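Have a look at the structure below, then the notes.
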Amino acid sequence: MTAYVVRDVKHYINGEFLEAVSNGRFSNISPFTNKEINQVARGTEAEIDLAVAAARRAFDHGPWREMSVKERLSYIRKIADLIEQEAGEISYLESLDTGLPISQTKKQAARAAENFRFYAEMVNSRLVGEAYQVDEQYINYTIHKPVGVAGLITPWNAPFMLETWKVAPALATGNTVVLKPAEWSPLTANKLAEIIDKAGLPKGVFNIVHGFGETAGAALVAHPDVQLISFTGETKTGSEISRNGAATLKRVSMELGGKSPAIVFDDADAEKALDAVVWGIFSFNGERCTANSRLFLQEGIYDEFVQSLKERVNHILIGDPMDPDSEVGPLIHKEHYENVKRYIRLAEEEGAEVVSGTIPPELSEGNFVAPTLLLNCRNDMTVAQEEIFGPVMAVIPFKSEEQVLAMANDTKYGLAAYVWTSDIKRGHRLAQKVDSGMVWINSQNVRDLRIPFGGSKNSGVGREGGHYSFEFYTETQAVHVAIGEQSIPKFGVKKKQQMTASEIQ
Ligand code: NAD
(Lines give C-alpha, C1' and ligand atoms only; values in the text may rest on other atoms or scores of the structure.)
Protein backbone atom coordinates (compact mmCIF):
# COMPACT_ATOMS: atom_id res chain seq x y z
CA MET A 1 0.00 0.00 0.00
CA THR A 2 1.41 3.42 -0.96
CA ALA A 3 2.15 5.60 2.08
CA TYR A 4 1.42 9.25 1.33
CA VAL A 5 3.14 12.21 2.98
CA VAL A 6 1.13 13.80 5.79
CA ARG A 7 1.73 17.52 6.20
CA ASP A 8 0.68 19.71 9.10
CA VAL A 9 -2.84 21.05 8.55
CA LYS A 10 -3.57 24.75 8.08
CA HIS A 11 -6.79 26.69 7.66
CA TYR A 12 -7.89 27.51 4.12
CA ILE A 13 -9.16 31.07 4.00
CA ASN A 14 -9.67 33.30 0.98
CA GLY A 15 -7.73 30.93 -1.28
CA GLU A 16 -4.69 30.60 1.02
CA PHE A 17 -3.44 28.03 3.50
CA LEU A 18 -2.88 29.88 6.78
CA GLU A 19 -1.62 29.18 10.29
CA ALA A 20 -3.86 30.18 13.17
CA VAL A 21 -3.75 33.92 13.95
CA SER A 22 -2.35 33.14 17.41
CA ASN A 23 -0.20 30.28 16.04
CA GLY A 24 -2.36 27.92 18.13
CA ARG A 25 -2.15 24.24 17.18
CA PHE A 26 -3.33 20.89 18.40
CA SER A 27 -2.14 17.29 18.00
CA ASN A 28 -3.93 14.89 15.71
CA ILE A 29 -3.68 11.38 17.19
CA SER A 30 -3.70 8.04 15.35
CA PRO A 31 -6.48 5.65 16.46
CA PHE A 32 -4.20 2.71 15.55
CA THR A 33 -1.10 3.71 17.57
CA ASN A 34 -2.33 6.56 19.80
CA LYS A 35 0.75 8.48 18.67
CA GLU A 36 0.69 11.91 17.05
CA ILE A 37 0.10 11.92 13.28
CA ASN A 38 0.59 15.64 12.76
CA GLN A 39 -0.20 19.14 14.04
CA VAL A 40 -3.34 21.04 13.13
CA ALA A 41 -3.97 24.81 13.15
CA ARG A 42 -6.39 25.61 15.97
CA GLY A 43 -9.08 28.04 14.89
CA THR A 44 -10.87 30.47 17.15
CA GLU A 45 -13.28 33.34 16.66
CA ALA A 46 -10.50 35.31 14.91
CA GLU A 47 -10.11 32.74 12.11
CA ILE A 48 -13.88 32.33 11.81
CA ASP A 49 -14.19 36.11 11.38
CA LEU A 50 -11.58 36.04 8.60
CA ALA A 51 -13.19 33.09 6.84
CA VAL A 52 -16.73 34.49 7.07
CA ALA A 53 -15.53 37.89 5.80
CA ALA A 54 -13.88 36.17 2.82
CA ALA A 55 -17.00 34.12 2.10
CA ARG A 56 -19.20 37.20 2.47
CA ARG A 57 -17.07 39.22 0.01
CA ALA A 58 -17.07 36.32 -2.42
CA PHE A 59 -20.84 36.09 -2.18
CA ASP A 60 -21.64 39.81 -2.32
CA HIS A 61 -19.01 40.97 -4.81
CA GLY A 62 -17.40 37.88 -6.35
CA PRO A 63 -18.29 36.19 -9.60
CA TRP A 64 -19.59 32.96 -8.02
CA ARG A 65 -23.31 33.58 -7.93
CA GLU A 66 -23.32 35.84 -11.00
CA MET A 67 -21.49 33.46 -13.34
CA SER A 68 -23.50 31.25 -15.68
CA VAL A 69 -24.78 28.02 -14.15
CA LYS A 70 -22.86 26.17 -16.84
CA GLU A 71 -19.59 27.73 -15.71
CA ARG A 72 -20.30 27.21 -12.00
CA LEU A 73 -21.15 23.57 -12.57
CA SER A 74 -17.97 23.05 -14.57
CA TYR A 75 -16.07 23.80 -11.32
CA ILE A 76 -18.25 21.30 -9.44
CA ARG A 77 -17.50 18.60 -12.04
CA LYS A 78 -13.79 19.48 -11.92
CA ILE A 79 -13.82 18.85 -8.14
CA ALA A 80 -15.41 15.42 -8.80
CA ASP A 81 -12.68 14.63 -11.37
CA LEU A 82 -9.93 15.60 -8.95
CA ILE A 83 -11.43 13.52 -6.12
CA GLU A 84 -11.46 10.53 -8.46
CA GLN A 85 -7.85 11.16 -9.49
CA GLU A 86 -6.72 11.46 -5.87
CA ALA A 87 -8.98 8.76 -4.41
CA GLY A 88 -5.98 6.62 -3.38
CA GLU A 89 -4.54 9.38 -1.20
CA ILE A 90 -7.97 10.35 0.16
CA SER A 91 -8.79 6.83 1.35
CA TYR A 92 -5.28 6.42 2.81
CA LEU A 93 -5.58 9.67 4.81
CA GLU A 94 -9.10 8.81 5.91
CA SER A 95 -8.08 5.37 7.24
CA LEU A 96 -4.98 6.80 8.93
CA ASP A 97 -7.03 9.50 10.65
CA THR A 98 -10.21 7.62 11.58
CA GLY A 99 -9.23 3.94 11.83
CA LEU A 100 -11.88 2.99 9.27
CA PRO A 101 -10.77 -0.02 7.18
CA ILE A 102 -9.25 0.98 3.84
CA SER A 103 -11.66 -1.22 1.85
CA GLN A 104 -14.48 0.95 3.25
CA THR A 105 -12.82 4.38 2.91
CA LYS A 106 -12.14 3.60 -0.78
CA LYS A 107 -15.89 3.37 -1.32
CA GLN A 108 -16.40 6.61 0.61
CA ALA A 109 -13.96 8.45 -1.67
CA ALA A 110 -15.89 7.21 -4.72
CA ARG A 111 -19.17 8.33 -3.12
CA ALA A 112 -17.67 11.77 -2.41
CA ALA A 113 -16.92 12.27 -6.11
CA GLU A 114 -20.44 11.09 -6.87
CA ASN A 115 -21.85 13.72 -4.48
CA PHE A 116 -20.34 16.50 -6.60
CA ARG A 117 -21.39 14.93 -9.92
CA PHE A 118 -24.87 14.30 -8.60
CA TYR A 119 -25.41 17.91 -7.53
CA ALA A 120 -24.03 19.24 -10.81
CA GLU A 121 -26.68 17.10 -12.50
CA MET A 122 -29.44 18.06 -10.05
CA VAL A 123 -28.87 21.80 -10.30
CA ASN A 124 -28.92 21.49 -14.06
CA SER A 125 -32.09 19.46 -14.26
CA ARG A 126 -34.07 19.93 -11.03
CA LEU A 127 -33.37 23.40 -9.63
CA VAL A 128 -36.64 24.58 -11.08
CA GLY A 129 -39.35 26.96 -10.02
CA GLU A 130 -43.11 26.70 -10.45
CA ALA A 131 -45.49 28.95 -12.36
CA TYR A 132 -49.12 29.60 -11.42
CA GLN A 133 -51.43 31.23 -13.88
CA VAL A 134 -54.41 33.19 -12.50
CA ASP A 135 -56.88 33.33 -15.39
CA GLU A 136 -55.65 35.93 -17.85
CA GLN A 137 -54.83 38.35 -15.05
CA TYR A 138 -51.56 37.25 -13.52
CA ILE A 139 -48.72 34.86 -13.90
CA ASN A 140 -46.95 34.12 -10.61
CA TYR A 141 -43.76 32.13 -10.48
CA THR A 142 -40.96 31.08 -8.15
CA ILE A 143 -37.21 31.19 -8.55
CA HIS A 144 -34.43 29.77 -6.36
CA LYS A 145 -31.58 31.98 -5.31
CA PRO A 146 -28.52 31.12 -3.21
CA VAL A 147 -28.93 32.09 0.44
CA GLY A 148 -25.49 33.53 1.22
CA VAL A 149 -22.71 32.21 3.47
CA ALA A 150 -23.28 28.58 4.46
CA GLY A 151 -21.69 27.35 7.70
CA LEU A 152 -21.11 23.59 7.52
CA ILE A 153 -20.21 21.60 10.66
CA THR A 154 -19.33 17.94 10.27
CA PRO A 155 -18.51 14.86 12.42
CA TRP A 156 -15.58 12.45 12.35
CA ASN A 157 -17.33 9.18 11.50
CA ALA A 158 -17.21 9.34 7.67
CA PRO A 159 -15.64 12.77 7.43
CA PHE A 160 -14.76 13.20 3.75
CA MET A 161 -18.02 11.78 2.40
CA LEU A 162 -20.15 13.77 4.86
CA GLU A 163 -18.29 17.02 4.15
CA THR A 164 -18.78 16.63 0.42
CA TRP A 165 -22.46 15.76 0.97
CA LYS A 166 -22.90 19.31 2.29
CA VAL A 167 -20.26 21.21 0.30
CA ALA A 168 -21.50 19.95 -3.09
CA PRO A 169 -25.12 21.22 -2.87
CA ALA A 170 -24.09 24.39 -1.01
CA LEU A 171 -21.63 25.41 -3.75
CA ALA A 172 -23.57 24.09 -6.73
CA THR A 173 -26.55 26.27 -5.78
CA GLY A 174 -24.31 29.38 -5.63
CA ASN A 175 -23.64 29.85 -1.91
CA THR A 176 -20.20 30.43 -0.46
CA VAL A 177 -18.97 28.15 2.32
CA VAL A 178 -17.14 28.03 5.63
CA LEU A 179 -16.55 24.43 6.69
CA LYS A 180 -15.65 23.51 10.30
CA PRO A 181 -14.62 19.83 10.18
CA ALA A 182 -14.43 17.58 13.24
CA GLU A 183 -11.30 18.07 15.32
CA TRP A 184 -10.59 14.32 15.50
CA SER A 185 -10.42 13.89 11.69
CA PRO A 186 -8.89 16.93 9.96
CA LEU A 187 -6.77 15.18 7.28
CA THR A 188 -9.24 14.65 4.46
CA ALA A 189 -10.90 18.04 5.03
CA ASN A 190 -7.45 19.49 4.34
CA LYS A 191 -7.23 17.34 1.23
CA LEU A 192 -10.61 18.72 0.12
CA ALA A 193 -9.20 22.26 0.46
CA GLU A 194 -6.20 21.26 -1.70
CA ILE A 195 -8.53 19.80 -4.33
CA ILE A 196 -10.82 22.84 -4.38
CA ASP A 197 -7.76 25.08 -4.58
CA LYS A 198 -6.53 23.05 -7.56
CA ALA A 199 -9.94 23.27 -9.21
CA GLY A 200 -9.40 27.07 -9.20
CA LEU A 201 -12.60 28.28 -7.52
CA PRO A 202 -12.64 32.05 -7.04
CA LYS A 203 -11.03 33.21 -3.78
CA GLY A 204 -13.26 33.09 -0.71
CA VAL A 205 -15.91 30.80 -2.22
CA PHE A 206 -14.74 27.87 -0.09
CA ASN A 207 -13.01 28.19 3.29
CA ILE A 208 -12.06 25.81 6.09
CA VAL A 209 -11.39 26.64 9.72
CA HIS A 210 -10.08 23.73 11.80
CA GLY A 211 -10.54 23.59 15.55
CA PHE A 212 -12.83 22.60 18.36
CA GLY A 213 -16.60 22.73 18.46
CA GLU A 214 -16.92 24.85 21.57
CA THR A 215 -14.71 27.59 20.09
CA ALA A 216 -14.44 27.56 16.28
CA GLY A 217 -17.80 25.79 15.78
CA ALA A 218 -19.64 28.01 18.25
CA ALA A 219 -18.19 31.18 16.65
CA LEU A 220 -19.42 30.05 13.23
CA VAL A 221 -22.91 29.40 14.61
CA ALA A 222 -23.08 32.79 16.32
CA HIS A 223 -21.71 34.81 13.40
CA PRO A 224 -24.30 37.31 12.11
CA ASP A 225 -23.02 37.11 8.52
CA VAL A 226 -23.67 33.36 8.25
CA GLN A 227 -27.22 32.65 7.05
CA LEU A 228 -27.44 28.92 7.46
CA ILE A 229 -25.89 26.08 9.42
CA SER A 230 -25.93 22.55 8.15
CA PHE A 231 -24.89 20.30 11.02
CA THR A 232 -24.24 16.58 11.33
CA GLY A 233 -23.34 15.22 14.74
CA GLU A 234 -24.69 14.32 18.13
CA THR A 235 -28.22 15.18 19.17
CA LYS A 236 -27.11 17.17 22.21
CA THR A 237 -24.72 19.26 20.08
CA GLY A 238 -27.60 19.85 17.65
CA SER A 239 -29.76 21.29 20.46
CA GLU A 240 -26.92 23.55 21.55
CA ILE A 241 -26.38 24.80 18.00
CA SER A 242 -30.12 25.49 17.61
CA ARG A 243 -30.05 27.51 20.83
CA ASN A 244 -26.90 29.43 19.89
CA GLY A 245 -28.12 30.14 16.37
CA ALA A 246 -31.47 31.48 17.53
CA ALA A 247 -30.20 34.99 18.29
CA THR A 248 -29.20 35.46 14.64
CA LEU A 249 -32.19 33.47 13.30
CA LYS A 250 -30.08 30.84 11.57
CA ARG A 251 -31.69 28.49 9.11
CA VAL A 252 -30.62 25.04 10.37
CA SER A 253 -30.49 21.53 8.99
CA MET A 254 -29.69 18.82 11.54
CA GLU A 255 -28.58 15.26 10.85
CA LEU A 256 -28.30 13.73 14.32
CA GLY A 257 -27.90 10.47 16.21
CA GLY A 258 -29.84 7.23 16.02
CA LYS A 259 -30.69 3.96 17.75
CA SER A 260 -32.18 2.28 14.72
CA PRO A 261 -34.14 -0.97 14.94
CA ALA A 262 -33.76 -3.95 12.63
CA ILE A 263 -36.82 -6.19 12.96
CA VAL A 264 -36.52 -9.77 11.76
CA PHE A 265 -39.71 -11.87 11.64
CA ASP A 266 -39.81 -15.69 11.71
CA ASP A 267 -40.74 -15.77 8.02
CA ALA A 268 -37.78 -13.62 6.85
CA ASP A 269 -34.99 -14.72 4.55
CA ALA A 270 -32.73 -15.34 7.55
CA GLU A 271 -29.47 -15.62 5.59
CA LYS A 272 -29.95 -12.26 3.88
CA ALA A 273 -31.14 -10.65 7.12
CA LEU A 274 -28.05 -11.99 8.90
CA ASP A 275 -25.68 -10.56 6.26
CA ALA A 276 -27.45 -7.21 6.41
CA VAL A 277 -27.57 -6.79 10.19
CA VAL A 278 -23.95 -7.89 10.67
CA TRP A 279 -22.77 -5.44 8.00
CA GLY A 280 -25.17 -2.76 9.27
CA ILE A 281 -23.69 -2.70 12.78
CA PHE A 282 -20.06 -3.76 12.28
CA SER A 283 -19.08 -1.87 9.11
CA PHE A 284 -17.58 1.59 9.73
CA ASN A 285 -16.43 0.17 13.10
CA GLY A 286 -20.04 0.59 14.25
CA GLU A 287 -19.56 4.36 14.09
CA ARG A 288 -22.44 4.83 11.73
CA CYS A 289 -25.51 6.99 12.31
CA THR A 290 -27.90 4.56 10.59
CA ALA A 291 -26.42 1.43 12.23
CA ASN A 292 -29.00 -1.18 13.29
CA SER A 293 -27.88 -0.96 16.90
CA ARG A 294 -31.09 -2.61 18.15
CA LEU A 295 -31.89 -6.01 16.65
CA PHE A 296 -35.40 -7.37 17.32
CA LEU A 297 -35.70 -11.11 16.65
CA GLN A 298 -39.02 -12.94 16.65
CA GLU A 299 -39.01 -15.79 19.16
CA GLY A 300 -39.30 -18.59 16.55
CA ILE A 301 -35.90 -17.76 15.03
CA TYR A 302 -34.21 -16.22 18.07
CA ASP A 303 -31.95 -19.13 19.09
CA GLU A 304 -30.82 -20.10 15.61
CA PHE A 305 -30.23 -16.50 14.53
CA VAL A 306 -28.24 -15.73 17.68
CA GLN A 307 -26.09 -18.81 17.10
CA SER A 308 -25.26 -17.56 13.57
CA LEU A 309 -24.54 -14.08 14.95
CA LYS A 310 -22.08 -15.52 17.46
CA GLU A 311 -20.25 -17.38 14.71
CA ARG A 312 -20.01 -14.25 12.55
CA VAL A 313 -18.80 -12.10 15.45
CA ASN A 314 -16.03 -14.61 16.15
CA HIS A 315 -14.83 -14.53 12.57
CA ILE A 316 -14.93 -10.81 11.80
CA LEU A 317 -11.41 -9.71 10.83
CA ILE A 318 -10.18 -7.09 13.27
CA GLY A 319 -6.97 -5.41 12.19
CA ASP A 320 -4.79 -2.63 10.86
CA PRO A 321 -7.08 -0.22 8.99
CA MET A 322 -4.55 -0.18 6.12
CA ASP A 323 -4.88 -3.94 5.63
CA PRO A 324 -7.29 -4.53 2.73
CA ASP A 325 -8.69 -7.60 4.54
CA SER A 326 -9.57 -5.80 7.80
CA GLU A 327 -13.31 -5.58 8.44
CA VAL A 328 -13.17 -3.70 11.75
CA GLY A 329 -10.50 -1.18 12.75
CA PRO A 330 -9.81 0.89 15.88
CA LEU A 331 -12.29 3.50 17.14
CA ILE A 332 -11.54 7.12 16.38
CA HIS A 333 -10.18 8.28 19.75
CA LYS A 334 -9.25 7.00 23.22
CA GLU A 335 -12.06 9.06 24.77
CA HIS A 336 -14.68 7.49 22.47
CA TYR A 337 -13.16 4.01 23.07
CA GLU A 338 -13.51 4.48 26.86
CA ASN A 339 -17.12 5.54 26.37
CA VAL A 340 -17.98 2.45 24.29
CA LYS A 341 -16.25 0.17 26.83
CA ARG A 342 -18.24 1.86 29.60
CA TYR A 343 -21.49 0.93 27.80
CA ILE A 344 -20.37 -2.71 27.47
CA ARG A 345 -19.72 -2.85 31.24
CA LEU A 346 -23.09 -1.21 31.85
CA ALA A 347 -24.80 -3.85 29.67
CA GLU A 348 -23.49 -6.54 32.03
CA GLU A 349 -24.68 -4.58 35.06
CA GLU A 350 -28.10 -4.21 33.45
CA GLY A 351 -28.34 -7.99 33.00
CA ALA A 352 -27.53 -8.53 29.31
CA GLU A 353 -25.38 -11.47 28.23
CA VAL A 354 -22.29 -9.95 26.58
CA VAL A 355 -20.64 -11.88 23.75
CA SER A 356 -17.56 -10.37 22.11
CA GLY A 357 -15.02 -11.40 19.50
CA THR A 358 -11.34 -11.31 20.45
CA ILE A 359 -8.69 -8.72 19.69
CA PRO A 360 -5.31 -10.04 18.58
CA PRO A 361 -2.62 -9.10 21.18
CA GLU A 362 -0.50 -7.25 18.59
CA LEU A 363 -3.26 -4.61 18.33
CA SER A 364 -3.02 -3.50 21.96
CA GLU A 365 -1.83 0.05 21.09
CA GLY A 366 -5.00 0.89 19.18
CA ASN A 367 -8.54 1.77 20.26
CA PHE A 368 -9.91 -1.65 19.31
CA VAL A 369 -13.29 -2.82 20.54
CA ALA A 370 -14.22 -6.31 19.38
CA PRO A 371 -17.62 -6.75 17.71
CA THR A 372 -20.03 -7.25 20.61
CA LEU A 373 -23.54 -8.67 21.03
CA LEU A 374 -25.68 -7.71 24.00
CA LEU A 375 -28.02 -10.71 24.16
CA ASN A 376 -31.41 -11.00 25.84
CA CYS A 377 -31.65 -7.24 26.22
CA ARG A 378 -34.78 -5.39 27.20
CA ASN A 379 -35.71 -2.32 25.22
CA ASP A 380 -35.84 -0.18 28.36
CA MET A 381 -32.20 -0.83 29.29
CA THR A 382 -29.88 2.17 28.94
CA VAL A 383 -27.77 0.23 26.43
CA ALA A 384 -30.88 -0.24 24.25
CA GLN A 385 -31.89 3.43 24.51
CA GLU A 386 -28.66 5.43 24.18
CA GLU A 387 -26.51 5.69 21.07
CA ILE A 388 -23.27 3.78 21.75
CA PHE A 389 -21.76 4.50 18.31
CA GLY A 390 -19.43 1.50 18.31
CA PRO A 391 -19.50 -2.17 17.17
CA VAL A 392 -22.11 -3.13 19.75
CA MET A 393 -25.59 -4.47 19.01
CA ALA A 394 -28.42 -4.95 21.52
CA VAL A 395 -30.45 -8.08 20.67
CA ILE A 396 -34.05 -8.16 21.90
CA PRO A 397 -36.58 -11.00 21.48
CA PHE A 398 -40.22 -10.28 20.53
CA LYS A 399 -43.47 -12.21 20.09
CA SER A 400 -45.86 -10.17 17.95
CA GLU A 401 -45.99 -7.35 15.38
CA GLU A 402 -47.78 -5.02 17.84
CA GLN A 403 -45.23 -5.67 20.55
CA VAL A 404 -42.21 -5.09 18.31
CA LEU A 405 -43.68 -1.92 16.83
CA ALA A 406 -44.22 -0.48 20.30
CA MET A 407 -40.63 -1.31 21.29
CA ALA A 408 -39.15 -0.04 18.00
CA ASN A 409 -40.85 3.31 18.54
CA ASP A 410 -40.06 3.49 22.24
CA THR A 411 -36.89 5.57 21.84
CA LYS A 412 -36.14 9.27 21.51
CA TYR A 413 -34.51 8.65 18.12
CA GLY A 414 -36.08 8.14 14.70
CA LEU A 415 -33.41 7.93 12.03
CA ALA A 416 -33.59 4.57 10.24
CA ALA A 417 -35.43 1.25 10.51
CA TYR A 418 -35.08 -2.11 8.78
CA VAL A 419 -37.84 -4.71 8.42
CA TRP A 420 -37.25 -8.30 7.34
CA THR A 421 -40.33 -10.40 6.49
CA SER A 422 -41.65 -12.38 3.53
CA ASP A 423 -45.11 -10.92 4.20
CA ILE A 424 -44.85 -7.80 2.07
CA LYS A 425 -48.11 -6.36 3.39
CA ARG A 426 -46.67 -6.52 6.89
CA GLY A 427 -43.46 -4.90 5.62
CA HIS A 428 -45.37 -1.89 4.25
CA ARG A 429 -47.65 -1.77 7.29
CA LEU A 430 -44.70 -1.50 9.64
CA ALA A 431 -42.94 1.01 7.40
CA GLN A 432 -45.93 3.31 7.75
CA LYS A 433 -46.12 2.95 11.53
CA VAL A 434 -42.48 3.04 12.51
CA ASP A 435 -41.16 6.44 13.65
CA SER A 436 -38.14 6.96 11.43
CA GLY A 437 -37.04 9.19 8.58
CA MET A 438 -36.04 6.18 6.48
CA VAL A 439 -37.10 2.52 6.31
CA TRP A 440 -35.60 -0.34 4.36
CA ILE A 441 -37.77 -3.42 3.71
CA ASN A 442 -35.91 -6.68 3.05
CA SER A 443 -32.91 -4.60 2.07
CA GLN A 444 -29.52 -3.66 3.36
CA ASN A 445 -28.89 0.05 3.86
CA VAL A 446 -28.41 1.28 0.31
CA ARG A 447 -28.63 4.93 -0.63
CA ASP A 448 -30.33 6.48 -3.61
CA LEU A 449 -29.04 10.05 -3.73
CA ARG A 450 -32.34 11.29 -5.20
CA ILE A 451 -34.23 10.20 -2.09
CA PRO A 452 -34.42 12.44 1.03
CA PHE A 453 -32.06 11.60 3.87
CA GLY A 454 -32.82 12.59 7.45
CA GLY A 455 -34.43 11.67 10.72
CA SER A 456 -37.55 12.26 12.77
CA LYS A 457 -37.84 12.90 16.54
CA ASN A 458 -34.38 13.54 18.07
CA SER A 459 -32.59 12.28 14.97
CA GLY A 460 -32.86 15.40 12.90
CA VAL A 461 -34.51 18.48 11.52
CA GLY A 462 -35.12 18.72 7.79
CA ARG A 463 -34.08 16.52 4.91
CA GLU A 464 -31.00 16.59 2.68
CA GLY A 465 -30.45 14.75 -0.58
CA GLY A 466 -32.03 14.98 -4.01
CA HIS A 467 -33.98 18.16 -4.67
CA TYR A 468 -34.82 18.28 -0.93
CA SER A 469 -31.45 19.98 -0.34
CA PHE A 470 -32.60 22.89 -2.48
CA GLU A 471 -35.23 23.84 0.11
CA PHE A 472 -32.40 24.39 2.54
CA TYR A 473 -29.59 25.78 0.38
CA THR A 474 -31.72 28.18 -1.66
CA GLU A 475 -34.09 31.04 -1.01
CA THR A 476 -37.37 30.61 -2.85
CA GLN A 477 -38.52 33.94 -4.22
CA ALA A 478 -42.03 34.57 -5.52
CA VAL A 479 -42.45 36.86 -8.53
CA HIS A 480 -45.94 38.21 -9.32
CA VAL A 481 -46.62 39.66 -12.76
CA ALA A 482 -49.84 41.26 -14.00
CA ILE A 483 -50.59 40.28 -17.57
CA GLY A 484 -54.18 41.56 -17.90
CA GLU A 485 -56.28 44.52 -17.05
CA GLN A 486 -56.35 45.08 -13.32
CA SER A 487 -58.85 46.76 -11.17
CA ILE A 488 -56.76 48.18 -8.34
CA PRO A 489 -58.60 49.80 -5.46
CA LYS A 490 -58.02 53.53 -5.69
CA PHE A 491 -56.99 55.05 -2.39
CA GLY A 492 -56.56 58.78 -1.98
CA VAL A 493 -58.72 59.91 -4.85
CA LYS A 494 -61.90 60.59 -2.93
CA LYS A 495 -62.57 64.30 -2.28
CA LYS A 496 -63.23 65.07 1.36
CA GLN A 497 -66.73 66.53 1.86
CA GLN A 498 -66.65 69.96 3.40
CA MET A 499 -68.47 69.83 6.70
CA THR A 500 -70.94 72.51 7.52
CA ALA A 501 -70.51 74.55 10.68
CA SER A 502 -73.50 72.84 12.32
CA GLU A 503 -71.98 69.34 11.55
CA ILE A 504 -68.71 70.32 13.20
CA GLN A 505 -70.57 71.25 16.37
P1 NAD B 1 -20.34 15.98 17.74
O2 NAD B 1 -21.71 16.54 17.89
O3 NAD B 1 -19.51 15.78 18.93
O4 NAD B 1 -19.48 16.90 16.76
C5 NAD B 1 -19.87 17.19 15.44
C6 NAD B 1 -19.26 18.51 15.02
O7 NAD B 1 -19.82 19.55 15.82
C8 NAD B 1 -17.75 18.61 15.20
O9 NAD B 1 -17.19 19.30 14.11
C10 NAD B 1 -17.62 19.41 16.49
O11 NAD B 1 -16.41 20.14 16.57
C12 NAD B 1 -18.80 20.37 16.33
N13 NAD B 1 -19.28 20.96 17.59
C14 NAD B 1 -19.27 20.44 18.83
N15 NAD B 1 -19.80 21.31 19.72
C16 NAD B 1 -20.19 22.41 19.00
C17 NAD B 1 -20.80 23.64 19.34
N18 NAD B 1 -21.13 23.94 20.60
N19 NAD B 1 -21.05 24.53 18.36
C20 NAD B 1 -20.73 24.25 17.09
N21 NAD B 1 -20.12 23.11 16.70
C22 NAD B 1 -19.85 22.19 17.65
O23 NAD B 1 -20.53 14.63 16.92
P24 NAD B 1 -19.41 13.55 16.58
O25 NAD B 1 -19.08 12.82 17.84
O26 NAD B 1 -18.33 14.19 15.77
O27 NAD B 1 -20.19 12.57 15.57
C28 NAD B 1 -20.92 11.47 15.97
C29 NAD B 1 -22.42 11.77 15.98
O30 NAD B 1 -22.83 12.20 14.68
C31 NAD B 1 -23.26 10.55 16.29
O32 NAD B 1 -24.28 10.92 17.19
C33 NAD B 1 -23.87 10.17 14.94
O34 NAD B 1 -25.08 9.47 15.00
C35 NAD B 1 -24.03 11.52 14.31
N36 NAD B 1 -24.13 11.40 12.86
C37 NAD B 1 -25.35 11.61 12.27
C38 NAD B 1 -25.47 11.46 10.88
C39 NAD B 1 -26.81 11.66 10.20
O40 NAD B 1 -26.80 11.83 8.99
N41 NAD B 1 -27.91 11.65 10.92
C42 NAD B 1 -24.36 11.10 10.11
C43 NAD B 1 -23.15 10.91 10.75
C44 NAD B 1 -23.03 11.06 12.13
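The values are calculated or read from the model by the stated rules, or taken from the named source; none is laboratory data. Just so you know, these numbers come straight off a predicted model, no measurement behind them. For neighbour counting, all protein chains shown are included, and Cβ atoms are generated from backbone atoms with ideal geometry for every residue, glycine included. Ligands, DNA and RNA are stripped out before the accessible areas are found, and what is left, the full protein with its side chains, is counted by its heavy atoms. Shrake-Rupley method; radii C 1.70, N 1.55, O 1.52, S 1.80 Å.
Cα centroids of the range 30-61 and the range 266-285: how far apart, whole angstrom? The two parts, judged by their Cα centres, are 39 Å apart.
Given a 1.4 angstrom probe, what's the average accessible area per residue across the chain, in square angstrom?
Value for the chain: 44 Å² per residue.
Short-range pairs are left out: with C-alpha atoms under 8 Å and at least six residues apart, the relative contact order of the chain is 18 percent.
Using DSSP to define loop residues, name the trypsin sites (Lys or Arg not before Pro) in the range 427-500 whose beta-carbon has at most 16 other beta-carbon atoms within 10 Å. Intermediate values should be presented prior to the final figure.
On the way: sites: Arg429, Lys433, Arg447, Arg450, Lys457, Arg463, Lys490, Lys494, Lys495, Lys496; in loops: Arg447, Arg450, Arg463, Lys490, Lys494, Lys495, Lys496.
Passing sites in the range 427-500 are Arg447, Arg450, Lys490, Lys494, Lys495, Lys496.
Of the accessible area of the range 261-441, computed with a 1.4 Å probe over protein heavy atoms only, carbon and sulfur atoms account for 48 percent.
Using the Cβ of Leu162 as centre and a radius below 13 Å, the other residues enclosed give a net charge of 0, where K and R count +1 and D and E count -1. Think of the range 261-441 as a dipole: +1 on every Lys or Arg Cβ, -1 on every Asp or Glu Cβ, centred on the Cα centre; then among His428, Ile301, Val340, His428 lies furthest on the positive end.
Over the range 261-441, the reciprocal of the mean inverse Cα-Cα separation, the Kirkwood hydrodynamic radius, stands at 16.5 Å.
Rounded to the nearest 20, the size of the Cβ-charge dipole of the chain about its Cα centre is 1860 debye, with Lys and Arg at +1 and Asp and Glu at -1.
Remind me, relative contact order of the range 261-441 in percent, using alpha carbon pairs under 8 angstrom and six or more residues apart?
28
The C-alpha atoms of the chain define a longest principal axis, and helix 69-85 lies at about 10 degrees to it.
What is the magnitude of the charge dipole of the range 205-267 about its Cα centre, with +1 placed on the Cβ of each Lys and Arg, -1 on the Cβ of each Asp and Glu, and no other charges, expressed in debye to the nearest 20?
That gives a dipole near 320 debye.
Along the charge dipole of the range 261-441, which of Val419, Ala406, Ser283 sits closest to the positive end, that is, farthest toward it, with unit charges on the beta carbon of Lys, Arg, Asp and Glu (+1, +1, -1, -1)? Working it through, the farthest residue towards the positive pole turns out to be Ala406. Taking the range 350-417, which GluC sites (Glu not before Pro) meet the DSSP loop condition and have no more than 13 other C-beta atoms within 10 Å? Hits after loop and neighbour filter: Glu365.
A helix-only calculation puts the chain at -11500 deg cm²/dmol for mean residue ellipticity at 222 nm, using -39500 (n - 2.57) for each DSSP H run of at least four residues, averaged over all residues.
In a DSSP loop and with at most 11 other Cβ atoms within 10 Å, the GluC sites (Glu not before Pro) in the range 32-117 are Glu66.
Since only Gly492, Gly15, Thr215 are under comparison, the one whose Cα sits farthest along the positive direction of the charge dipole of the chain, derived from C-beta charges on Lys, Arg, Asp and Glu, is Gly492. Convex hull volume of the C-alpha atoms in the chain, normalised per residue: 222 Å³.
Just to confirm a number: summing +1 for Lys and Arg and -1 for Asp and Glu over residues other than Thr232 whose beta-carbon lies under 11 angstrom from that of Thr232, what do you get? Residues close to Thr232 contribute a combined charge of -3. Relative to the dominant Cα principal axis of the chain, helix 159-172 is inclined by about 20°. Summing +1 for each Lys or Arg and -1 for each Asp or Glu among the other residues whose beta-carbon sits under 12 angstrom from that of Val9 gives 0. A straight line joining the Cα centroids of the range 218-233 and the range 75-147 runs 21 Å. Rounded to the nearest 5, the antiparallel percentage of DSSP beta bridges internal to the chain is 45%.
To two decimal places, what compactness ratio does the range 166-257 give when its Cα radius of gyration is scaled by 2.2 N^0.38 Å?
Here the answer is 1.08, to two decimals.
When the alpha carbon gyration tensor of the range 367-433 is reduced to an equivalent ellipsoid, the three semi-axes, largest first, read 24, 13, 12 Å. Between 0 and 90 degrees, the angle of helix 87-98 with respect to the longest Cα principal axis of the chain falls at about 70 degrees. Ordered from highest to lowest accessible area with the whole protein assembly present and a 1.4 Å probe, Ser487, Ser27, Ser443 read as Ser487, Ser27, Ser443.
Centre-to-centre, using Cα atoms only, the range 297-351 and the range 361-431 are separated by 13 Å. Taking label points 7 Å from Cα along the Cα-to-Cβ direction, Glu121 and Asp49 give a separation of 4.4 nm.
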